[in-house]
Amino acid sequence: DITLIMREVYSRVRSWFTNDSRKKLTFTQLLPSQSKEDKVFTFVPLLHLSNQRKLDLFQEVHFGEIEVRLLNKKVQ
């Protein structure tokens, strides 16, 4: 279920910024492993969360690292 995966990914993002809000979070840092499945199961929820305006995704160059920024730091 995509909703459960989205909650889990969002929880990991919030946890990252709760522990130290000055750190940058990248897509690679969110990955449990480098497998294609983990990349898909992390990227798709990030796209949905970005669409819901819970976070922003930034990529400076094509095929470069994706930076994740939390928009709503309020714990839900």
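A few notes on this one:
- The stretch 7-44 - residue that is touching a residue at least 12 places away in the same chain (Cβ under 8 Å), outside any helix (DSSP H, G or I) and not polar (S, T, N, Q) and, of those, least open to solvent (accessible area, probe 1.4 Å): Leu25
- Only listed residue being modelled with pLDDT of 90 or more and open to solvent by less than 30 Å² (accessible area, probe 1.4 Å), chosen from Leu70, Leu47, Leu4, Leu57: Leu70
The values are calculated or read from the model by the stated rules, or taken from the named source; none is laboratory data. The structure displayed is predicted, hence computed values, not measured ones. Here the Cβ is made from the backbone with ideal geometry for all residues, glycine too, and neighbour counts use every protein chain on show. Just the protein is used for accessible areas: all its heavy atoms, side chains included, with ligands, DNA and RNA removed. Shrake-Rupley method; radii C 1.70, N 1.55, O 1.52, S 1.80 Å.
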